[in-house]
Every structure is written in structure tokens, then in C-alpha cells.
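Structure, as C-alpha cells:
The values are calculated or read from the model by the stated rules, or taken from the named source; none is laboratory data. Please read these numbers as outputs of a predicted model, since none were measured by experiment. Here Cβ is always computed from backbone atoms with ideal geometry, including for glycine, and neighbour counts include all displayed protein chains. For accessibility, only protein heavy atoms count, side chains too; no ligands or nucleic acids. Shrake-Rupley method; radii C 1.70, N 1.55, O 1.52, S 1.80 Å.
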Amino acid sequence: MRTWVVVGVTIALAAALFGACSSGSGESELLRTDLGGETTTNALNMNAFSLPAANLPGEDRGRFEVGDSFFTQNWVAAPASTTNRDGLGPTFNARACAGCHVRDGRGAPPNADTDLVEAPGLLVRISVPGTGPHGEPQPDPNYGEQIQDVAIIGVPAEARISVTYTPVTGRYADGTEYVLSRPTYRVVDPMFGPLPANVLLSPRIAPQVIGMGLLETIPEADIRAAALHPPSDEVSGRVNIVYDAVADDMRLGRFGWKANVPTVEQQVAGAFIGDLGITNPLFRAQNCPVVQVACAAAIPGGDPEIEGRSFDTVVFYSQVLAVPARRPLADADRDAQGSKVFERIGCAACHTPTQRSGPSTIPALAEQTFHPFTDLLLHDMGAELADGRPDFDASESEWRTPPLWGLGLVQKINPKARFLHDGRAATIEEAVLWHGGEAAPAQKRFRELSREDREALLAYLETL
Amino acid sequence: MRSLRRVGALAGVVALSLGAVACSSDDRDAGSSALAREVIEHYADGVYASYALSLTEAQAMDEEIDAFLAAPSEEGLELAREAWLAARPAYGRTEAFRFYGGPIDDEETGPEGQINAWPLDEAYIDYVVGDPGAGIINNASTYPEITVEVLTDANEAGGEANISTGWHAIEFLLWGQDLSTTGPGARPYTDYTTAPNADRRGEYLAVVTDLLIDDLQSLVDAWAPGVDDNYAAEFLALDDDEALSYIFTGIGELSRGELAGERMNVAYEERSQENEHSCFSDNTLADIQANAEGIQMVWTGVYVGGPTGPGLAALVAETDEDLAAETTEVIAASIEAAESIPAPFDQHLAEDADDTSPGRVAIVATMDSLSNQTDLIVQSADALGISIAVS
């Protein structure tokens, strides 16, 4: 982190000299630096994911700060003097959003020899076969939809999560060997009876929070059009149609690793109740399955524990966190080379470089052209990445294309962060190598690249 | 008033953006100035002296607390509280040395959360209104012994180092919950004599105070001059631009994002009366003033209870005298504005407190001034060819 400040200054200079100043009108969309359109921030330090959209008007700053505070500060057990910050748990995964989304960035999985309690950047979704009334995964009767591995005093935590890694070796076409780590997650010390033999587990890493409001405003028709007319014969993205608790109807899913949540508001509300144990305007019931008697008996921190006014600021905060600018390589030719390889081997077929937003209740987000590198669609990623747990229309091997903006800053902001849904990839390179299913042909072309092209591509990905 | 501040607030971000993408080839190098080296070395001395002073004050508090615990009495408790209040400003001033990943908030080892986390998880520590059996103190079966390890382990669970230690834990154990709208908390000294688990409460207070002393000692050690392998040595080995960017980032981030934003504006907007940092002792205003003074120390080079020498002001004045003078003025004005807020802070957070009341007007004026000074700090860094990013 210390060295990062220098790097930041250097990259800022590089950006100044080679990026913004050389942008011509005929430039490839892959070389744009304004990844978040007019919301883009040029901050490059450890707070680069924590700033408001650059075009956010000054009068919105107060709301942003309040939302930041509720996102970042710990929640405490009820009752407490800080009445609007109490109600943690009774069972939970983290004490604050920022406990997993470190500096609004990505979470870290546990090391093989540590307890998840000490690395809460990952949680484990749980269900039993079948679906609930709206097509959602069927919660386990004793543990619900997620393992909460921490609890307030006097309430048992549900279980602990442990992980072991198995090495998987492979080879590039040029003979270079690589070693990946395949994780096996297990639920240990379950407090309310053994998990059923057919239980479905899905470990999920907390992703960076930037640019969510922009993704929310992409017109649904654009997302559906990309599903109907895939840009390549190799891929066939699908929309996930999920339950919208506000509309009480089925809607297009955009957020979550399986696009299983329709709006930022519901993502935030779901995280409050599921991850922190904070009841909120959307989900007012404590998360205590019937057998968890002490959980149900714990003192709540109000009804709901986060009031509408404060809750809305966290939604707003999550919507307007700025996307950092791309930081082009000092060598402009290599920069362009990397972007061309990205297109040539097929990355852009799912990691759609450019999207446009429609109207928005937040004017700063409206009518923007931006570069998230996602189509927001589900793709079959193959058996290796499959979690075996369907989520609405997403099959056991389908995942939503994650945005790539901010990618190169992820480990600068949280050095322990890892990539892919379960944090199995220590580097961007490993993440690329894990791609399978629809992405298998592109992954094969990646492995067959010359060393120079491969390195140019990885260098380009670091600029995002 | 309000909207002006807010426009100013975002202007900083815009200014940064322009700074980062400007096409100027004017790459001034602060390192060319001999004064830059002096400023950096003086800063390191000042940081060391400030942590050393904080440690001394905390040790004095520790002695009062030990005396109180040896023979608990009303007077002893009052003396311990006075010692806490007396020790607090010296620490508050050191918060100007945060936000660049130095010893205080190093990603791996920084003790900041353990020293000063807020809000405090009261019910994790002791009884609270509505839950008389709450906390580690009242749960001898789960926590048979109260040791430094028990408290630091508890801190780790659930992410952020957090909840059961530091200044505010000591504050809570001395004052108790603030249930009054006009005064601070009123924990009876009998909590340490005849109340249930009085002995365990005393152990907790003693242990958590010792832990604070240890943490402050680690910061003193990290900045001690003349040591080969500590942070001060590492810091002094940085090139000038980088070291200066750290110094500027610390005061820039504290000014607006942390102090004006997180600590003042959130409390102002939320209007929850105990949504303030020193909510048990009603010491929040003094905390705010100490933060503002810490920024001034770094800027002017005049360290309270420590050395006087060239600060950032002198260095910036070499390049832009007017900018340096204006920044000096506004930083002083922020302190004056903070001093003009009527105590206690929490009375201005009541639901029915009028926005035109002198207290709320003074809070806004202080936030405006802090925001203004942040812009000037960013400009000052820029004048030296250093781009910093602060919220």
C-alpha cells in the first residue's frame, strides 16, 4: 500500500501524457480512459473505489457522506447508545459492508489454514434442491439461505467455513507451465444439526461496488438484444428473470454473481439482512430459522434496524461510487496491442466494452456512454466453475459476466483480494485460465498466444 | 452557506481530475528544494514527539485508573475521568498522521481500529439499558478470563478490527451510557465495588487501558529517530515527492472526508443525539478541535508539546506565497470556527434542533471552512507538482 502512492503518481503522469492527451475521435472503444463516462474519477490511490461520481453535484455530497458512514462503520449489538447503528446480527457474516467490501473494493477468501471468521470477504449461500414460491433457491430449514459464521454474545453462530486447495497444473502452448488452485469449501461445526446430504453450497466473494448505478440504468432492451443476437457464435448469453420484492413480480436480474437481484436497492437490502443481520425497509423480519431459538430471542435494534432515510443513503452511495479511469500503458503501442488481443481471442464477446445508460432519477448517471466490459448476461462457464446451485433461471454452471472496470486496482485497494466468484484466482491471469464452457474456445486461444501477446493482454487488463 | 460548502466540496474532486489529466509538461519537482528535505525530516520529528506526548498523557491516565481500581471511590472515578479528558486531545492531534498507510493504519499491522474504533459495541463489553446481563464482563462462563488476548481476538471477529477496545471502551467504562440530554453518562463508582461482576469490570478497564498504552508505545517506536529498521527510517528514505504526498494526503483526508464529512456532517444530517464520537463523555467538540489542531501542526510545523520547524506552509510559500498564506489563514479559521460551536455537541443533533440555531450554524461554518481548507491543501500539493487524491 505504501508503494502504491508512488505508483499512483507515476500512473497519473502516464495517464496525463499518453492517455487523455492522445485520445483521438477515431480511437477504439477499448482504449477509452473514461470507463465510467462522466462519472469517472482519476483518483488512483487506496481510496480509488471510494469516491463519488465526478459529475455528482455538490449538493448531493451530504447524502453520499451519510451513506458512506453507514456502509463503512461497524454495526453494534442492540441495545446501544448509538441507536441508529445498533441491531447487528443476531447472526451475521460481517459487522459492516466495508468488512467484506474493503475500501469499497473486493473481499478476500480465507487462507487454507485460517478461519473464515477472520477473512469475511466471502460467504457461502446454501439451499436444498427445489425452488421457493418465486422460483428462488429453496432455503435450508435450519440454516436459511446463507451460513452466518459469526453471532453476537449469547447466540450461537451457525457454523464455520473451511477451505482446502488442490493444485491444478496446465501448460501454455509455448510450454510455460502454470498451476491453479481448486478450492473445496466445507461447512464445519454446524450448530443446528448436520446439513442434508443433498445440500447445495455456493461460495461467493464480495465484489467491488463501483459503477452499480450505471449498470442499473442500462436499458433492459439492450441487455435482451445482446441475448437474442450474440456477437459471436461461440457464446449464448441468457437473461436471468428473478423475483423483485418491491414490484412483487418477476424482473430482469442484473446484480449478484448469478444476476439474481434486480436492483441496487434490493442488493443493498439483501446484504443488510443476510450479511449483517440488519432489518431494513424491504426485509423487516430477523433472519432466524425456527430452530435458532436464541437468535429469535435476541433484542432487536428497532423495527427496522436501519430506517428508510438512512437505508436510502446507502443505496444512493452504492449507486454513485465512481469508476476509476483506465490507466493506459506508457507504451501506447503495447496498450493498443493488448486491447486488440482482447478482441481477437473473443473476450469482448461477453465482456462487452461499451454500454449506454438511459434516463435515471440520478441525473449524473443518466444518458452516459461507459465501459463496464460486461453484457450482464448469464453464460455457461463449464463444469470446473459450476457451483451446482441453480438460482432462478441461472443453471448450476451459469454465471453473470462480471464487469472488468477497476480490475487492475482491485489488489492495490485490497492486497488480499482474489478473483472469480469464490476467490480461487490469485491473479487476473489465473482468472482467465479458469474460464470454461462457452469461454473455453477463447481460453484455448489465450493459451495459444505468443508470450508477447499474452503479456500484452494481461498488461492491458491491468489498465482497466 | 450550505450549498456553497457543497460546491466547494466537489470542486476538490474536479480539481484533482484536472490535475491528473492536465496536458501540461510542467513537472515541477519538490525534491529540488533543500527545504523539502528539512520539512520531511521535521515532520518525522513532529510525528514522533506527538505520539510520545500522547503516550505520556495516556500513562498519566493509566495511573489514575490504577489508583481508582485499587480503592474505588466517587472522587477516584472523577479523577480518572478527568485524566481521560486530559489525555484525549494529544491523541486527537495525531490523527493528522493517518490515511497514507503509515504505522497507525498500515493494512496489516496498523492499530487504528483497536485504538479509536467507533461506534463502540457497548453490549459486547458490559451491561446496557435493556440488557443488564450483556457483555464480556457479565459472561464469565463464555469468557472466564479477561486478558489482552481475549479482547484482541474479539476484535478480529467479523472483519474490521473494531469493537471492544480503545479510547471509547475506556470512556464507556468510566462514564457509562449517556442517558441524559444535557450531561454525559453517569456510571456509579459502585460498578467497581458492589455491582455484579465489579471485579471483572475492573479487570476489563485495567486490561483495555494497558492495551492502549501498548499500542501507543508501538507508534512511538515506529517513529523513533535514529533507529535503522523502523518506519521513520523507511519514511525518511522515501523520495521527497512521495514523502510529501503522504504528508499532504494525511491532512487533506482528515480535513474533509473524515472530520467535516464522517465526524461532523453525518452527525449533523442524521440528528441522532448519540451519533457522535465521544458520546459517553460528551467530549466530541474537543475531539473535533484536536483534529483541526493536528492539521495545523503539520501545516505550520509547530507541534504542540514538540518541536518547531519548517512545515508544509514554508515549502509551499517558496512556490506560491499567496496560496500558502491563504491556507494558513483558513486552517486557523477552521479551528476558531470549531471553538465557536457551543458545547455539548450532541445538543445540536436533537431532532428538534433548528437549522438556524447558533450551534447548527456554527457546525456548518466549521464544515465549510474545513472543506475550503481541503481544496487549498490539494492546490498546495499541486503547486509542488504533487497530485493527491482525497475525498
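Most tightly packed first, judged by the mean number of other beta-carbon atoms within 10 Å of their residues, the peptides B:314-320, A:184-190, B:368-374, A:444-450 read B:368-374, B:314-320, A:444-450, A:184-190. Full extension of the chain between B:Gln217 and B:Asp322 gives 33.8 nm of extra length, using 0.36 nm per residue less the Cα-Cα distance. Quick check: at a probe of 1.4 Å, how many percent of the accessible area of the range B:282-391 sits on carbon and sulfur atoms? Carbon plus sulfur share of accessible area: 50 percent. With protein chains left intact and a 1.4 Å probe, residues in chain B average 34 Å² of accessible area per residue. By definition, a body whose alpha carbon gyration tensor gives a ≥ b ≥ c is oblate when a/c is 1.5 or more and a/b is not larger than b/c, and the range A:346-464 fits this oblate description. A full extension of the chain between A:Ala247 and A:Gln138 corresponds to an added length of 37.2 nm, given 0.36 nm per residue minus the alpha carbon distance.
Between 0 and 90 degrees, the angle of helix B:240-253 with respect to the longest Cα principal axis of chain B falls at about 50 degrees.
Of the solvent-accessible surface of the range B:69-183, computed with a 1.4 Å probe and all protein chains present, 53% belongs to carbon and sulfur. The calculated FRET efficiency for the pair A:Ser236 and B:Ala350, based on their C-beta separation and a Förster distance of 41 Å, comes to about 0.10. Helix-only arithmetic for the protein assembly as shown: the sum of -39500 (n - 2.57) across DSSP H runs with n ≥ 4, divided by the residue total, places the mean residue ellipticity at 222 nm at -12500 deg cm²/dmol. Per residue of peptide B:259-271, the mean number of Cβ atoms on other chains within 10 Å of the residue Cβ is 4. Under 26 Å of direct C-alpha separation, and excluding same-chain neighbours fewer than eight residues apart, A:Lys416 reaches these lysines: A:Lys258. For the Cα atoms of chain A, what angle does the longest principal axis make with the long axis of helix A:308-320, in degrees from 0 to 90, nearest 10? With rounding to tens, the tilt is 20 degrees.
Dipole magnitude for the range B:164-304: about 760 debye, using +1 per Lys or Arg Cβ and -1 per Asp or Glu Cβ, origin at the Cα centre.
The contact between chain B and chain A removes approximately 5200 Å² from the accessible area (both sides summed; 1.4 Å probe; ligands, DNA and RNA excluded). Evaluated with a Cβ-only charge set (Lys, Arg +1; Asp, Glu -1), chain A carries a dipole of roughly 760 debye about its Cα centre, given to the nearest 20.
Residue by residue along A:298-308, Cβ atoms of other protein chains within 10 Å of the local Cβ number 1 on average. In a fully extended conformation the segment linking B:Asp229 and B:Glu75 would gain 51.0 nm over its present Cα-Cα distance, using 0.36 nm per residue.
A simple spin-label model places the labels of A:Glu343 and B:Glu63 7.4 nm from each other, with each point 7 Å out along Cα-to-Cβ. The shape of the protein assembly as shown comes out oblate: with a ≥ b ≥ c from the C-alpha gyration tensor, a/c is at least 1.5 while a/b does not beat b/c. Highest mean packing comes first when the peptides A:125-132, B:37-44 are listed by Cβ atoms within 10 Å, giving B:37-44, A:125-132. Among the residues of A:64-76, the average count of other protein chain beta-carbon atoms within 10 Å of the residue beta-carbon is 6.
Using the Cβ-Cβ distance between A:Val290 and A:Glu220 with R0 set to 25 Å, the FRET efficiency from 1/(1 + (r/R0)^6) comes to roughly 0.05.
If you average the C-alpha positions of the range B:331-374 and of the range A:356-372 separately, how far apart do those two centres end up, in angstrom? Between the Cα centres of the range B:331-374 and the range A:356-372 lies a distance of 36 Å. What residue among B:Ala49, B:Ala332, B:Ala34 has the largest mean-square fluctuation in a Gaussian network model of chain B, using Cα springs under 10 Å? Ranking B:Ala49, B:Ala332, B:Ala34 by mean-square fluctuation puts B:Ala34 first. For B:Ala198 and A:Arg309, what does the FRET efficiency come to when R0 = 25 Å and r is the distance between their Cβ atoms, rounded to the nearest 0.05? The calculated FRET efficiency here is 0.05.
A crude spin-label estimate for the pair A:Glu367 and A:Ala426, with each label 7 Å from Cα along the Cβ direction, gives 4.9 nm. What is the angle, in °, between the Cα long axis of helix A:332-344 and the longest principal axis of the Cα atoms in chain A? Nearest 10 is fine, range 0 to 90. Helix A:332-344 sits roughly 70 degrees off the main axis of chain A. The packing ranking of peptides A:274-285, A:215-226, highest mean first, is A:274-285, A:215-226, where packing means the average number of other beta carbon atoms within 10 angstrom of each residue.
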